[in-house]
1. Of the residues C:GLU92, C:GLU76, C:GLU44, only one is charged (D, E, K, R) and farther than 24 Å from A:GLY45 by Cα; which?
2. Does the range B:321-341 hold any residues that are part of a strand (DSSP E or B) and not aromatic (Phe, Trp, Tyr), and which are they?
3. In the set B:ALA223, B:ALA233, which member is of a type in the set (Gly, Ala, Ser), within 14 Å of chain A (Cβ to nearest Cβ), touching a strand residue (DSSP E or B) at 6+ places or on another chain (Cβ under 6 Å) and buried (at least 18 other Cβ atoms within 10 Å of the Cβ)?
4. Any residue in the range B:94-106 that is assigned by TED's automatic domain parsing to the domain that holds B:MET67 and within 16 Å of B:THR237 (Cβ to Cβ) sitting within a Cβ distance under 9 Å of a residue that is of a type in the set (Lys, Arg) and part of a helix (DSSP H, G or I)? List the pairs, counting only those 6 or more apart or interchain.
5. When both residues are 6+ apart or on different chains and their Cβ atoms are under 7 Å apart, which pairs have a first residue that lies in the range A:272-298 and is within 11 Å of another protein chain (Cβ to nearest Cβ) and at pLDDT 95 or above, and a second that is part of a strand (DSSP E or B) and surrounded by 12 or more Cβ atoms within 10 Å (Cβ to Cβ)?
6. For the range C:52-83, which residues satisfy the criterion of being touching a Ser or Thr at 6+ places or on another chain (Cβ under 8 Å) and not hydroxyl-bearing (Ser, Thr, Tyr)?
7. Take A:ALA231 and decide whether it is in contact with a Ser or Thr (Cβ under 9 Å, 6 or more places away or on another chain) and assigned to a strand (DSSP E or B).
Amino acid sequence: MKERLKQAPPKIPDEAKLSWKKGHGDHPLDRYLKEGRIPHIWCPGCGIGIAFTAFIKALEKAEFDQDKTVVVSGIGCSGRAAGYLNLDTYHTTHGRAIPFATGLKLAKPELKTVVFSGDGDLFAIGGNHIIHAARRNVDMTVICINNFNYGMTGGQGGPTTPVEARTTTTPYGCAEHPFNLIYLAKAAGAAYVARWTALHTHELRDSIVEAMSKTGFSFVEVITPCPTGYARRNRLGTGLEIMRFYKENSYITDILEPEDTALLFKGKIAVGKFVDIEKPTFMEMYREYIVQQAENSG
Amino acid sequence: MKSNTVITGTHFITGDDACAEGGIAAGCTFFAGYPITPATEVAERMSKRLPQVGGVYVQMEDELASMAAVIGASSAGARAMTSTSGPGFSLMMENIGLAVMLEVPCVIVNIMRGGPSTGLPTLVGQQDVMQARWGSHGDYEIIALSPSSPQESFELTVDAFNLADIYRVPVIILSDEIIGHMTEKVTISETEKIKIVHRKNPACGPENFVPFFPDEDGVPPMALAGDGYHVHATGLTHDEHGYPVITADAQERLVQRLVNKIRKNEEKIVRTEEYYLDDAEVIIISYGCSARTSLDVVETAHGKGMKVGFLRLITIWPFPETKIRGLASRKNVKAFVVAEINHGQVVYEVERCAAGEAETVLAGFMGGRIFEPDELYKVVQEIAN
Amino acid sequence: MGYWRLPLDSCEHFITVGKVNIIEYRCKGCGYCIEFCPKDVLEESTYFNEKGYHPPYVKIEGKCINCNFCETICPEFAIFCTELERREIKPEDIITEPEYRHRMRQRKKQD
């Protein structure tokens, strides 16, 4: 193997060489970013960048091995996060990040598997997958960016759009009841469930460390501003004004039951850690129960 | 490798079981699937066998997830497969496209049943041939193999894993309900005699590695998740580094290569079986279970002194174009009769390759049953006269 | 940070002085760092960066305490703090007892 590593790299045609390496390394967190990938595509004031930074800060704080951490994402604004990280990253099809990550994790259990994606990707098109991954208790961490709409396609209503909220596809106000992601994740069997807003950067970072260190299915919801899509149609103001709203209207709680944490339009936001339980993971059960029996049966 | 990985010996098993054993013998260590008649037996066998040989069997929530999990597992280095039938195959199409784009090797066993929609869950059809080729959106090339017996189900599944790894492409086993549920003698040779070819590993360290830069055969070596190469793989059109580039130029470079890595290696991939072709005037072309009846018809016709030959397609995609063009250009070949259990799928390809040099006739049967030799014989007789 | 009296172990603790580093070309002008800096160190500049946004600039040098909140809240990897020095806690850093009590009362009301 070492001999082969010494071999010369393949020749790349000039046009394929990248010219965007300028400025890489200006920021201390750049070592977690792929060379030449910043600036990212997210709008000014978008909260995905903050959650993304919190994730990188979590990697830094807990010193997770960059070679053994894999990030899988689906489609959408949040789905683009995978492409910026200097890790093994997979940008998959819409909604299928969780089953893809399930395959990765089960095939190579030593990998720390993180799914970084949005609310529409994880709970609408991928809704079936998240509940089953939680039920199976596959050891992975799901970071869900909840901005209450589909940002990439221009701000359509989704599974988390609150009643009354206006989006491009709910021009008269949304008349469907949204999911409460915390309650859903708990009901599906997640071992760790937390919610933070983009303003709670330190808590979010620590929560991601906790979730990634947790053996089992862990779920972290991040409430983020979408100034271009959701906020504009609902006249919520700039990203800054939404962050001020979070400051005034979010409260950390450790007594609320997940069913009482539903998010209403312009309502109070309960944040904190809601579930932290121990239960055997899929692989633990597989190894200790199924493989044992299979070996005994010959 | 555990001692019971390859069950060397002679077995009396179904085509479905043979597919599963083929996978195990090829070193498959991951199976994600969803029950569907008539492919359930593959999953059942895998659920029993994989824990014995150190692999992982997981039953996913649907075929969308199964296919995604297979790609994920293969990205981590496992040889991974799934099995399904018509409706499930439709669901898998989305992620088969992803596997093509990410160039992730994997094997999909499709035990074809009658369609459309729920159709005939327990009865035969050969109606997914075109879907296997064109089912996912966009332009791509794929490999599909069609076994005609349980023995061949075993062998082709092993080959499918090798082809998938060599060309970094999803390979589909287009079996059908009859072959899948047929119980026959399957001989499994010793482990050493089973040919296994693995995917290419990166030839250099992470600093110099360009993940989607192809070797001369058009196939890039594959870095696995967790190996420290920090590869980004995206379903978006990407450049050699794997970074999304949304331009016509990048599309041209990438898709051209994805298509060419199969097309340019057609000769190496394609396999057919020939009977009495030397002086044949009428050539029956068939595959899968239809090939078994067709062979009987050819033998009968030959016995009666008719100049009828038979070409069995083992590889359906990439289509054996060179082979059929060659046959069509022979002076003695007057017509092709394509026998298949559908309204005409492979016949279009044959017609294209014949390019007017030989008549192409469909002996199409609607599914639910395999045609009687007499039915095909009548068609052949009509053409021959 | 405030103390209502000089701590007995004050010699073991430090107040860090930070330097704010701004990577101007990356800034998209969301204003989060300016708004949420606990020491109110930053202010929006009047000039444009190459993207056409107003990046922040350091209003008062030496006021930054290297808390790194700007770094964690910046969505663009465009700002971070580095430690310049650590200085001892001086009597000037101590807030008076009435002020401390006032703050405590305010906090209780909020809760």
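The values are calculated or read from the model by the stated rules, or taken from the named source; none is laboratory data. What you see is a predicted model; the values in this text were computed from it and never measured. Here the Cβ positions follow ideal geometry from the backbone for every residue, glycine too, while neighbour counts run over all protein chains shown.
1. None of the other options fit; the residue is C:GLU92.
2. B:ALA335, B:VAL337, B:VAL338, B:ALA339, B:GLU340
3. Selected residue: B:ALA233, the only one of B:ALA223, B:ALA233 that is of a type in the set (Gly, Ala, Ser), within 14 Å of chain A (Cβ to nearest Cβ), touching a strand residue (DSSP E or B) at 6+ places or on another chain (Cβ under 6 Å) and buried (at least 18 other Cβ atoms within 10 Å of the Cβ).
4. B:GLU103/B:LYS261
5. What qualifies is A:TYR286/B:VAL56.
6. Of all residues in the range C:52-83, those touching a Ser or Thr at 6+ places or on another chain (Cβ under 8 Å) come to C:54-57, C:65-66, C:69, C:71-75, C:77, C:83.
Correct list: C:HIS54, C:PRO55, C:PRO56, C:ILE65, C:ASN66, C:PHE69, C:GLU71, C:ILE73, C:CYS74, C:PRO75, C:PHE77, C:GLU83.
7. No; evaluated as a whole, the condition is false for this residue.
Residues are listed down the side, and each one gets a yes or a no for (1) more than 8 Å from every other protein chain (Cβ to nearest Cβ); (2) at pLDDT 95 or above; (3) over 25 Å from A:ILE223 (Cα atoms):
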residue: A:ARG4; (1), (2), (3): no, no, yes
residue: A:PRO10; (1), (2), (3): no, no, yes
residue: A:GLU35; (1), (2), (3): yes, no, yes
residue: A:VAL70; (1), (2), (3): no, yes, no
residue: A:HIS91; (1), (2), (3): no, yes, no
residue: A:PRO99; (1), (2), (3): no, yes, no
